[in-house]
Each structure stands twice: as C-alpha cells, then as structure tokens.
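These notes are about the structure you will find just below.
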Amino acid sequence: MRILNVLFILITVSVLSSEPGDLLWKYMTGNKIYSSPWSDGDNISFGSHDYYIYTLKKDGSLKWKYLTQNEVYSSPRIKNETVYEGSEDHFIYAVNINTGSLKWSYQTVSTVSSSPCIHNGAVYIGSDDTHLYSINENNGVLKWRYKADNCIGSTPLIVNEKIYFGDYSGYIYAINEDEGDLVWRYSTGSSIYSSACYLDNTIYIGNTDFFVYAIDISSGSLRWKFKTGAETNSTPCAYKDKVFIGSYDKYMYAFNASDGSVNWRYPAQDKVHSSPFYKDDVVYFGSYDNYLYAVNASDGSLKWKYLAGGTLYSSPFVFDNIVYIGGLDNYLYAVETYKSMGFKSMTRKRALPSNSIKSYPNPFTNTLFVELQQDGAIYALSGQLVRKIRKGNSRINTNNWIAGIYIIKSGTEARKMVKTW
C-alpha cells in the first residue's frame with residue numbers, strides 16, 4: 001500500500017461575489033492574542049495569552065501548539081524551519097516548525113515581550129531584565145548580552161551590522177552586531193514601546209511622549225520629530241518616501257520621510273496600537289475599535305475594513321493575498337485582500353448541497369475524480385487557474401499539487417478542497 005500523502009476535505013459552497021475584506025477563516029485560542037502573526041507561506045505562527053505558541057496550516061487548521069509557562073506577548077519569527085519567540089515565563093524558545101518539538105530554550109532573568117530578529121546566525125531579542133541578547137540561532141548558546149538602562153520591549157532592527165532598539169527609559173540605542181558594544185544612544189526622555197524601521201540612512205520610531213522620531217543612523221542625531229495627539233506605541237513601516245505609523249489619538253499617519261510633514265492621516269474610531277503593514281500600495285492595520293483597515297497608501301482613502309469580534313491590538317501580516325491578525329476575542333483572523341473570482345469566503349462548519357459538482361478523492365493514489373454537469377475549472381485560492389475540466393467524468397492526478405486551498409467551479413456552484421499534505 002502506498003504511503004498516505006494527500007488528503008482532501010471537500011466543502012460545497014454557492015458562488016457569490018467576493019470582495020476584499022471577506023473573512024476566509026478564523027481560529028480560536030484559549031485566551032487573548034496580543035502577539036502578531038508571522039507566515040512563511042505554508043505556516044502561520046503566533047502566541048496567545050493561553051501560554052501557547054501556535055502554528056497553523058494555510059487552511060486555518062492547527063498544525064501544532066507548544067506550551068510555555070506563561071502568557072506569550074512576544075511575536076514570532078520563522079527562519080530555517082524554526083519558530084523563534086519569547087514568553088512572559090522569561091524564556092526564549094526555538095521550536096521546530098514541522099513537528100512543534102523544542103529545539104532549544106534560553107532563560108533570561110525577566111519577562112520577554114520583545115520579539116526576535118534573526119540575522120547572521122544569531123537571535124537578537126530584548127528582555128525586561130534590561131538586556132539585549134545575542135543567542136546562537138542553532139543551539140541557543142549565548143554569544144553576548146548588552147545592558148540597557150531599562151526594560152526592553154522594543155524589537156531589534158539590524159541595518160549594516162548595527163542593532164537599533166529602544167528601552168523604557170526613553171533611550172534609542174545603536175550597538176555593534178558582532179560584540180554588542182555601544183555606538184551611540186539618543187535620549188527622548190519617555191518610555192519607548194515602539195520598534196524602529198529604516199529608510200535612507202534614518203531610523204523612525206514612536207514614543208509614549210506622543211512624538212514620532214527620525215534619527216540619523218550614523219551620528220544618532222535628530223533629523224525631525226512630529227507630535228501626534230497621544231502615545232505612539234505602534235511600530236512604523238516605511239516605503240519609498242513615506243513613513244506610516246498609528247497613534248493612540250485614533251489616527252494612522254503617513255509622514256513625508258524627509259521632513260516629517262503629514263502627507264495624510266486616516267481616522268479610526270479608537271486607539272491604534274497595531275503596527276501598519278505595507279503591501280502593493282495598501283497599508284493594513286488594526287484598531288481598538290475592532291476593525292481591520294486597508295487604506296490606500298498614496299492618499300489615505302479607505303479601500304475596505306473588516307469588523308472583528310474584539311480589539312485588534314495585534315499587528316497584521318500579509319502573505320499571498322491574505323492578511324492575518326490576532327484579536328483580543330481569542331481569535332486569529334485570515335481575511336482576503338483581493339477581489340477573488342467570485343467565491344464567497346467559506347468555513348468547514350456548514351455545507352450547501354451541490355448537484356452540478358461531484359468529487360471523489362483517492363488519497364492512496366493521489367487521484368481526484370470529478371463529475372461535472374457542465375464545463376468547469378479548478379483554481380488555487382489566489383485565483384490562478386490550475387486546470388480546466390470538461391463536462392462529464394474526469395480523472396485528475398494531484399501528485400504535484402502543493403498543500404493549500406483549491407476550488408472547483410462549474411456553472412453557478414463551487415466546491416472548496418483543502419489539500420492538507
């Protein structure tokens with residue numbers, strides 16, 4: 001008997017108009033999700049306040065979850081088939097992304113809410129014990145640690161072998177990547193929870209003093225700062241000549257990177273802690289008002305918004321036309337970012353009867369038998385045509401299909417298939 005290496009879950013749905021902002025799926029954890037998700041295309045990883053680090057498959061089903069000893073506020077990074085993430089239990093974890101087994105863990109002296117940065121074989125991450133750590137990526141052995149003035153919740157940014165981050169005393173640091181020695185530091189005078197982004201020899205970072213700072217990376221001198229209407233704990237992102245950042249004054253800002261003048265600002269209905277994610281001229285972010293927003297990066301006009309079931313403190317991550325974001329209602333959401341070929345978002349809980357599409361997978365032979373009453377086609381979830389199917393009976397070899405969601409369309413009906421391995 002051949003090894004079972006393919007499995008299809010078949011669901012029938014009616015064909016309706018599908019617009020950007022439609023829910024694809026959502027996954028419930030045991031507590032609030034402050035952690036921001038990360039995806040490598042095949043996996044979506046994140047932490048939850050239920051003490052677990054999660055990795056989901058592309059269809060929203062659980063791949064594995066790893067139990068830590070406290071809440072997971074930190075956000076993960078995925079590299080070389082490993083998930084790296086901190087926990088409030090003082091540990092930094094490296095977990096095999098395929099099996100969920102622990103590769104190594106490193107214990108700091110306090111909680112780890114900072115998120116890791118992986119570079120040149122090392123994991124860089126801050127801790128509330130006031131240290132920034134450099135840890136061997138493969139075995140978890142400490143390379144060096146740098147003592148800051150206060151707790152480090154900021155995620156390190158690495159540019160040209162220098163590491164940039166902020167601390168709760170209000171300092172912005174630049175240290176050498178190799179040895180961890182100080183290059184310069186700049187004092188803002190107020191706690192920094194934001195992390196930095198980089199553009200054109202400048203780092204940009206938010207602050208609890210309401211200001212957004214632009215700092216020259218070579219000298220550590222101030223280029224400009226702009227005062228928003230409240231704390232700015234969101235982490236900025238930059239593209240071309242603009243810097244995007246959210247504020248507790250309920251606005252998402254777009255600044256001109258060169259001088260800090262406001263290009264546009266978009267009003268949410270509550271605080272914006274969520275950090276923006278830029279892709280294809282769209283800025284995605286969440287808000288305390290429960291909405292996930294997609295805003296035109298050029299002029300700040302709204303493209304669409306999705307109402308979640310709770311506060312979106314987490315930051316979005318976009319991959320393959322899907323935006324992932326965690327909510328304080330315990331759910332991780334997957335929302336479509338594009339106009340699809342006419343299929344409504346679907347879940348596995350309910351199915352509608354289908355008369356025009358019949359399908360019979362044989363997982364032992366990597367074969368899918370399809371019977372159609374009229375000509376049809378199979379599409380990937382992205383809308384890419386996989387193959388056309390003629391009316392009648394068809395025998396389809398699925399051996400070369402990658403894991404993911406596929407849709408058979410025929411007439412006014414469609415059937416969703418999830419290839420899980």
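Read-outs: derived from the displayed coordinates by stated rules, not from any lab. Bear in mind that the values here come from a model prediction, so they are computed numbers and not experimental data. When we count neighbours, we look across all protein chains shown, and the Cβ atoms used for this are built from the backbone with ideal geometry, even at glycine.
Descriptive notes on the structure:
- Separation of alpha-carbon centers, segment 225-253 and segment 98-140, rounded to whole Å: 28
- Taking the Cα centre of segment 19-336 as origin and assigning +1 to Lys and Arg Cβ atoms and -1 to Asp and Glu Cβ atoms, the resulting dipole is close to 140 debye.
- Where Rh is the Kirkwood radius over Cα pairs, Rg/Rh for segment 370-421: 0.94
- Contact order, relative form, for the chain: 16 percent (alpha carbon pairs under 8 Å, 6 or more residues apart, mean separation divided by residue count).
- Convex hull volume per residue, computed on the Cα atoms of the chain, equals 136 Å³.
- Normalised by 2.2 N^0.38 Å, where N is the number of residues, the C-alpha radius of gyration of segment 40-82 stands at 1.12.
- Placing a label point 7 Å from the Cα of Gln69 along the Cα-to-Cβ direction, the residues of segment 97-136 whose backbone N falls under 17 Å from that point are 102-113, 128-129.
- Kirkwood-based shape ratio for segment 250-330, expressed as Rg/Rh from alpha carbons: 0.96
- Cα convex hull of segment 45-192, projected area averaged across orientations, nm²: 8.4
- Model label sites at Val141 and Gln107, defined 7 Å from Cα along the beta-carbon direction, differ in position by 2.0 nm.
- Peptides 390-397, 95-102, 294-301, 195-202 ordered by average Cβ neighbours within 10 Å, highest first: 195-202, 294-301, 95-102, 390-397
- Between amide H atoms placed 1.01 Å from N, distances below 5 Å from Trp264 occur with Ala254, all of them 5 or more places distant or on a separate chain.
- Cβ-based charge dipole, the chain, positive-most Cα from Thr337, Phe285, Val272: Thr337
- Fraction of beta bridges assigned by DSSP in segment 19-336 that are antiparallel (%, nearest 5): 100
- Cβ-Cβ FRET estimate between Lys227 and Asn98, R0 fixed at 51 Å, reported to 0.05: 0.60
- Amide H contacts of Thr228: Phe211, Val212, each under 5 Å away and 5 or more positions distant or on a separate chain (H built 1.01 Å from N in the peptide plane; Pro and chain starts excluded).
- Taking 7 Å steps out from each Cα toward its Cβ at Arg395 and Lys303 produces label points 4.4 nm apart.
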